[in-house]
Amino acid sequence: IGSGVNVSNPALKLLERKMDQPSGRSFMQVLCEKYSPENFPYRRGPGMGVHVPATPQGSPMKDRLNLPSVLVLNSCGITCAGDEREIAAFCAHVSELDLSDNKLEDWHEVSKIVSNVPQLEFLNLSSNPLNLSVLERTCAGSFSGVRKLVLNNSKASWETVHTILQELPDLEELFLCLNDYETVSCPSVCCHSLKLLHITDNNLQDWTEIRKLGVMFPSLDTLVLANNHLNAIEEPADSLARLFPNLRSISLHKSGLQSWEDIDKLNSFPKLEEVRLLGIPLLQPYTTEERRKLVVARLPSVSKLNGSVVTDGEREDSERFFIRYYVDVPQEDVPFRYHELITKYGKLEPLAEVDLRPQSSAKVEVHFNDQVEEMSIRLDQTVAELKKQLKTLVQLPTSSMLLYYLDHEAPFGPEEMKYSSRALHSFGIRDGDKIFVESKTK
């Protein structure tokens, strides 16, 4: 019995230790599997695995791992950190870490990883079920050096976002897409470091929610709001300038904007240079040319629209197009921008309409022997069909006809119309030209 107890005790201890460890694959395990040049085995259990002394510099395995400064460990089934000493030994130089689409659900495990990557500036935690745990400030403190954080499809609560903002003083870029937000919750203290916010593919329809982002992030340079169905910009112009004083770029792709007044309000952002506006209901009735020109003309300070640079030449063309577009509209319906452009260019007459369609018929002189007959011929027909048309006039079978075409303005002589299947329009026949008919037997 005693020997049985002695045998079972280590087994029980091992079982207990395994129960204490989160199930699934650890960050360190996946790291070794992916980046070891020999793909050496990483065995679970105490004392098994990579031996790393207490000081990172002494790791005998460090030179055997091909670890770049950018680690991509997405979709690897990671649930936990693994040995923190090993993470510290191998990841001291790592600056970017992609852990997206794993099974991390405990912020403490994320903290164990990140706290041992001291140079980390970019962290992607997208599509991890981290909404299943609460992020405590002590945990978030381990992210303090991160400048770019991606939490797309993590369903991170605004409470979690607030905690992150409090503990990441240098955060510059934040991605909160696909998180099912219908509202925005403001923290007690605003974040002055954030320059770029991606918050696409949520359900932020009311401007009252969007304006909170201006309060939260007063230094915001780029705001990406695509696929949020925002229905209007309900804010006075002077208030917009105070809300987003540093905004340089905004994306409103596939928003719900339906009024030109909303487009005009974009002029209230004092530093706005770049706008994306594809797929909004307002522009659906217009042609592709009208959409771009009418928007360019309304936004004089915007230098890039939908990703394309607005040149000085394009701006002038668009502004002149704008004047002509509204020239016949009743005065009460003319936008204010029209009057500004009239002051700049004067009142422009509508462009003359030029029909560039190919001519469908021509009046030509048909010469045969001493006869001259003026007739209209269709230019979409072939030489063979023309011969049939002339058969009655010249009293010759089509097989005996030779036709010659003379351009009345050309310096060259007549051109033989020798190919029966050639279309007449390819000769460039115009009114006043001549067709000569001769008999092959002549």
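The values are calculated or read from the model by the stated rules, or taken from the named source; none is laboratory data. Please read these numbers as outputs of a predicted model, since none were measured by experiment. Here Cβ is always computed from backbone atoms with ideal geometry, including for glycine, and neighbour counts include all displayed protein chains. For accessibility, only protein heavy atoms count, side chains too; no ligands or nucleic acids. Shrake-Rupley method; radii C 1.70, N 1.55, O 1.52, S 1.80 Å.
Quick look at the numbers
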{"read-out": "Computed [θ] at 222 nm, deg cm²/dmol, the chain (DSSP H ≥ 4; -39,500 (n - 2.57); rounded to nearest 500)", "value": "-8500 deg cm²/dmol"}
{"read-out": "Rounded to whole Å, sorted largest first: equivalent-ellipsoid semi-axes of segment 187-283, Cα gyration tensor", "value": "20, 15, 12"}
{"read-out": "Rounded, prolate or oblate (a/c below 1.5 giving rounded, otherwise prolate when a/b exceeds b/c) for segment 369-442 by Cα gyration tensor", "value": "rounded"}
{"read-out": "Fluctuation leader among Val327, Val302, Val366 - the chain, Gaussian network, Cα springs under 10 angstrom", "value": "Val366"}
{"read-out": "Beta bridges per DSSP with both ends in the chain, % antiparallel, nearest 5", "value": "35 percent"}
{"read-out": "Ranked packing of 424-435, 85-96, 367-378, most packed first, by mean Cβ within 10 Å", "value": "85-96, 424-435, 367-378"}
{"read-out": "Whole-angstrom gap from segment 262-293 to segment 161-194, using each part's C-alpha centre", "value": "28 Å"}
{"read-out": "Probe 1.4 Å, accessible area per residue of segment 139-230, Å²", "value": "37 Å²"}
{"read-out": "Descending semi-axes in Å of segment 217-346, equivalent ellipsoid built from Cα gyration tensor", "value": "24, 16, 15"}
{"read-out": "Cα-based helix-to-principal-axis angle, 383-394 vs the chain, degrees rounded to 10", "value": "20 degrees"}
{"read-out": "Whole-number percent relative contact order across the chain, with pairs defined as alpha carbons under 8 Å at least 6 apart", "value": "6 percent"}
{"read-out": "Accessible carbon and sulfur surface of segment 298-407 relative to its total accessible area, %, 1.4 Å", "value": "49 percent"}
{"read-out": "Label-reachable residues, segment 233-274, where backbone N falls under 18 Å from a point 7 Å from Leu196's Cα toward its Cβ", "value": "246-253, 272-274"}
{"read-out": "Isotropically averaged projected area of segment 236-292, using the convex hull of Cα atoms (one quarter of hull area), nm²", "value": "3.9 nm²"}
{"read-out": "Cα shape, segment 127-188, gyration tensor, a/c 1.5 rule", "value": "rounded"}
{"read-out": "Sorted peptide list for 336-347, 139-150, criterion being average Cβ within 10 angstrom, highest first", "value": "139-150, 336-347"}
{"read-out": "GNM result for the chain, Cα springs below 10 Å: residue of Ser219, Ser36, Ser421 fluctuating most strongly", "value": "Ser421"}
{"read-out": "For the chain, built as a Gaussian network whose Cα springs stay under 10 Å, the top-fluctuating residue of His192, His253, His408", "value": "His408"}
{"read-out": "Distance histogram for segment 77-169 (every C-alpha pair counted, 5 angstrom bins, percent rounded to whole numbers)", "value": "3, 15, 26, 30, 19, 6, 1"}
{"read-out": "Within the accessible area of segment 228-290 (1.4 Å probe), percent carbon and sulfur", "value": "51 percent"}
{"read-out": "Å² of accessible area per residue within segment 242-333, as computed with a 1.4 Å probe and no ligands counted", "value": "49 Å²"}
{"read-out": "Projected-area mean, the chain, by convex hull of Cα positions, square nanometres", "value": "40.7 nm²"}
{"read-out": "Among 395-405, 307-317, the order from most to least packed when residues are scored by Cβ within 10 Å on average", "value": "395-405, 307-317"}
{"read-out": "Prolate/oblate/rounded call for segment 135-264, Cα gyration tensor, a/c under 1.5 rounded", "value": "prolate"}
{"read-out": "Taking segment 360-442 and dividing mean pair separation by its residue count, relative contact order in percent (alpha carbons under 8 Å, at least six apart)", "value": "41 percent"}
